[in-house]
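The structure appears below as structure tokens.
What follows is calculated from the coordinates using simple rules that are stated; it is not laboratory data. Everything numeric here is computed off the predicted structure, so don't read it as measured data. In this analysis, Cβ positions are derived from the backbone assuming ideal geometry, glycine residues included, and neighbour counts consider all displayed protein chains.
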Amino acid sequence: MDMDSALSLIASALRLSAPILCACLAGLWSERAGVVDIGLEGKLLAGAFAGAAVASLTGSAQLGLVAALAAALLLALLHGYASIDRGGEQIVCGMAINMIAAGATALCGAALFGEGGRTPALEGAARLAPLFAGQDAIALAAPCCAAATGFILFRTRFGLRLRAAGEHPHALEAAGVSVRRARYAAVAVCGLLCGLGGADLALAQAAGFLPGMSAGKGFIALAALVFAKWRPGAALLVCLAFGLLEACAIRLQGVALPLIGAVPVQAIQALPYLLTVILLAGFVGRANPPAASGVPFVKGR
Amino acid sequence: MTARARSPRWLEPALAPVASAGLALLAAGGAVAAIGENPFSAFVAIVAGSLGSVEGVCFTLYYATNFIFTGLAVAVAYRAGLFNIGVEGQAGVAGIGVALAALNSAALPGFLAPPFILVCGALCGAFWGFLPGILLARRGSHIVITTIMFNFLASALLSWLLVAPLRAPGSMQPETGPFPGVALAPKFDDLLAQFGWTLTGSPLNASLIVALLAAVGAHVLLYRTRAGYEIRAFGANRHAARYAGISATRTIVGAMAFSGALASGLALNELAGAQGRLILEFTGGYGFVGIAVALMGRNHPVGVVLAALLFGALYQGGAELAFERPKISRDMIVLVQGFVVLAVGCLGARAPQPGKA
């Protein structure tokens, strides 16, 4: 492989990993604060739709981005209300978010644009153009978000409290800090990051919205989160690796490799899921989620 | 006892499902109104489309067949305290078993082919449920994440099989050749044809009977056998169950395998019943609807059958509605389903108040 194609492979890996990284960091915030979120997929989708719809109606990618953030935030707060205030089953609720997003985006898309749920193709200022080395603004911002997440969660008082809400909420409450507020803050950041990822999907990677365009990226992000053992730095690396895998899968289609022969694309696509299963089973290392994630918090008497 | 008035005992199990159905209807009505259509006439169109004609009822029952299977699969695992999101994948792998059995069943005597296909599908589905179960029991893997991953693994496996080894020779489509006649589930239309009555054109087939038998079987298993008692005890309190000598490994693995076997019915209805061949993505999200069906049916086989009928009517009515009013797409059903899951699974639950728990 020559230098040029290696560089272009890395560039496309970086580009493809951006939505996964955003969703993965979103899950990291939420789960670190004790709210399990399998609704990342739905929030990505909602962000992608709102972004594309508003960008298509106004012709401005910036307004589209704002709409994407707002839509995903709204769903995140719904998830927060059900799982923090109502003490609902967080996994069931995450599934509900996925269904609501899948239904609402396709329904609104069909009603607004009448093209079977897709938005019209975006052009010009309605898309996020590549800024640097073929990378759009969100693809460049995503690694910075990972760094910021690491700093905020592990180097600030706010982050310490947030992590305490996910590890030992009663200790946090005893210290006089509201677990509810910490969890809501985390869920809100989760929504914003998902919105960012969704906007990247619809405004930068594709030129518009297609029903179901998140295509399991929210679940890959969940896998990446397990892989990264809920750590931001590792999340960055894992998501880049998954992006690289995706870029390779596209390039290796029908190419015969030395020794192995042609690798089925499906095998490469299935690799992240398979590795996650193996890691979760503890055959290679151990991945332990934050202790109180998934447990509704009930104030002590 | 508090002074609060209590509803009659017979009413209580129905209260939450009916309330959540009401909430979901309200949300859906709001969505329809937001699109600029009349919610009431849309509702009438759904009812008329699903129950207003023989065809409509047949299609409703055909969809309900899928939902009985997937709803039971989710419910049985839920009774053991396990959230099985992998019904979609289990049905997908079961589809491979159904297809392999069906394609090789031409040599079998006609009365042996259906049970052979049924058992092969159930074994494959059970295997795909067994794996996450054993990983949880022996290695402590999180069942939800593992079953999600197994959904994707199943879909990758299915798409690879249909692109390469199982694709019908000379076909451009990723699908197998048609199943031989003995492998097809008898259709309701065939029965009508015997009497010379008008055909409905629906894919309703004998799988519905299998589904109802599966519901009875699940009920007997859960409430009349020792294994079912162990499943329910383990789901209610796994520490107490373990203390009482109930094997965690056996319960988890058994419940997940049984759940996967129930999921295989979706493959039966779709492949041996409707399609007559193995196609890509035949599971069509029905496995996820199973979550809504199970929650609404309170994880009880009788409730699951009732909820499956409701969702069957919604699917059929929704399709008719989308046909009549192109502005309202079929995805409205997915939205309704999401609100049902949200209402039953999360908003209905309330964290125990301090001092009371």
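Charge dipole (Cα centre; +1 on Lys/Arg Cβ, -1 on Asp/Glu Cβ; no other charges) of the protein assembly as shown amounts to roughly 2580 debye.
Rounded to the nearest 20 Debye, what is the dipole magnitude of the stretch A:132-271 about its Cα centre when Lys and Arg each give +1 and Asp and Glu each give -1 at the C-beta? So the magnitude is around 520 debye. With a Förster radius of 56 Å applied to the C-beta separation of B:Ala107 and A:Tyr81, the computed FRET efficiency comes to 0.40. By the compact-protein rule of thumb, 2.2 N^0.38 Å, the alpha-carbon radius of gyration of chain B corresponds to a ratio of 1.03. Subtracting the Cα-Cα distance of B:Arg250 and B:Val44 from their residue separation scaled by 0.36 nm leaves 69.3 nm. Extending 7 Å from Cα along the Cβ direction at B:Leu280 and again at A:Leu271 yields two label points whose distance is 2.1 nm. Averaged over peptide A:269-282, the number of partner chain Cβ atoms lying within 10 Å of each residue's Cβ comes to 6.
A convex hull fitted to the Cα coordinates of the protein assembly as shown yields 184 cubic angstrom per residue. Out of A:Gly88, A:Leu44, A:Gly233, whose Cα points farthest toward the positive end of the dipole of chain A (charges: +1 Lys, Arg; -1 Asp, Glu; placed on Cβ)? The listed residue farthest towards the positive side: A:Gly88.
For the stretch B:62-148, chymotrypsin sites (Phe, Trp or Tyr not before Pro) meeting the loop criterion (DSSP other than H, G, I, E, B) and having at most 12 other Cβ atoms within 10 Å: B:Phe111. Relative protection proxy for B:228-235, B:325-332, B:312-319, from highest mean packing down: B:312-319, B:228-235, B:325-332 (other beta-carbon atoms within 10 angstrom).
Computed over the alpha carbons of the stretch B:46-117, Rg followed by Dmax gives 16.6, 45 Å. Of all the options B:Gln173, B:Gln337, B:Gln275, the one that moves most in a Gaussian network model of chain B with Cα springs shorter than 10 angstrom is B:Gln173. Neighbours of B:Ile35 by Cβ distance under 11 Å: Lys/Arg scored +1, Asp/Glu scored -1, total +1. Relative contact order, whole percent, for chain A stands at 35, derived from Cα pairs under 8 Å and 6 or more residues apart.
Rounded to 0.05, the FRET efficiency of the A:Asn288 and A:Thr156 pair, given R0 = 30 Å and the Cβ-Cβ distance, is 0.80. Here B:Lys327 is the anchor, and the aspartates and glutamates within straight C-alpha reach of less than 18 Å, apart from those fewer than 8 places off in the same chain, are A:Glu115, B:Glu37.
Separation of the stretch A:130-209 and the stretch A:1-33, taken as the distance between their Cα centroids, equals 16 angstrom. Taking chain A, the Cys residues with no second Cys beta-carbon under 4.7 angstrom are A:Cys22, A:Cys24, A:Cys108, A:Cys144, A:Cys145, A:Cys190, A:Cys194, A:Cys239, A:Cys248. Each part reduced to its alpha carbon centroid, the stretch A:69-113 and the stretch B:211-282 end up 29 Å apart.
Annotation: for a label point projected 7 angstrom from Cα along Cα→Cβ of A:Leu63, residues of the stretch A:104-121 with backbone N closer than 19 Å are A:109, A:112-114, A:119-121. Just add up the charged neighbours of B:Ala236: K/R +1, D/E -1, any other residue whose Cβ is under 13 Å from the Cβ of B:Ala236. That works out to +3. Note on chain A: with a GNM built from Cα contacts shorter than 10 Å, the maximum mean-square fluctuation among A:Leu252, A:Leu153, A:Leu210 falls on A:Leu252. Ranked by how many other Cβ atoms sit within 10 Å of their own Cβ, fewest first, the residues B:Leu213, A:Leu275, B:Leu72, B:Leu131 fall in the order B:Leu213, A:Leu275, B:Leu131, B:Leu72. With the alpha-carbon atoms of the stretch A:13-213 aligned to their principal axes, the span from lowest to highest coordinate is 54, 37, 25 Å, starting with the largest. Remark: relative contact order (the stretch B:174-327) = 27 percent; criterion is Cα-Cα distance under 8 angstrom and separation of 6 or more residues. Hey, can you grab everything whose amide H is under 5 Å from the amide H of A:Asp136? Only 5+ residues off in sequence or another chain; H modelled, so Pro and N-termini drop out. For A:Asp136, whose amide H was placed from the backbone, the distant partners under 5 Å are A:Leu131.
Below 8 Å, C-alpha to C-alpha, sequence gap of six or more: please give me the relative contact order for chain B in percent.
That works out to 34 percent.
At an R0 of 35 angstrom, the distance between the Cβ atoms of A:Arg181 and B:Thr225 translates into a FRET efficiency of 0.15. Applying a 4.7 Å Cβ-Cβ cutoff to chain B, the cysteines left without a disulfide-compatible partner are B:Cys58, B:Cys120, B:Cys124.
Comparing A:Val177, A:Val238, A:Val189 in a Gaussian network model of chain A (Cα springs below 10 Å), the most mobile by mean-square fluctuation is A:Val177. Averaged over residues, the count of other Cβ atoms within 10 Å places the peptides B:187-195, A:197-205, A:37-45 in the sequence A:37-45, A:197-205, B:187-195, highest first. Counting Cβ atoms of other protein chains within 10 Å of each Cβ in A:102-115 and taking the mean gives 6.
Picking from B:Leu208, B:Gly125, B:Ala101, whose Cα lies most toward the positive end of the charge dipole for chain B (charges on Cβ: Lys, Arg +1; Asp, Glu -1)? Of the listed residues, the answer is B:Gly125.
Note on chain A: with charges restricted to the Cβ of Lys and Arg (+1) and Asp and Glu (-1), its dipole about the Cα centre is near 1040 debye.
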